[in-house]
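Data first, discussion second: the structure below is written as structure tokens.
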Amino acid sequence: MISKLFWVLLTAVFTFLFVVLFEDGTVNYVDNCQAEFATLRAYFGEKPHKKADTGDRL
């Protein structure tokens, strides 16, 4: 079980690194990795909450 988890995480990390390399190239690679990771965190981050609808109160 742990070895499968290890390989899945390793595959995800190397896929992320390859995508950054493919999209942005080798110039400023570390900065590009940080920017892509911030974008990824924002995408999976906390979702905005909808305000309660007060129009139907009695």
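Data overview
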quantity: Looking only at the range 16-29, and only at residues there that are exposed (fewer than 10 other Cβ atoms within 10 Å of the Cβ) and in a helix (DSSP H, G or I), the one that is modelled with the lowest pLDDT; calculated: 23
quantity: Residue match in the range 35-45 (condition: more than 12 Å from the chain's Cα centre (by Cα), of a type in the set (Asp, Glu) and part of a helix (DSSP H, G or I)); calculated: no
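The values are calculated or read from the model by the stated rules, or taken from the named source; none is laboratory data. Just so it is clear, the structure is predicted and the values come from calculations on it, not from any experiment. Note that we place each Cβ from the backbone using ideal geometry, even for glycine, and neighbour counts take in every protein chain shown.
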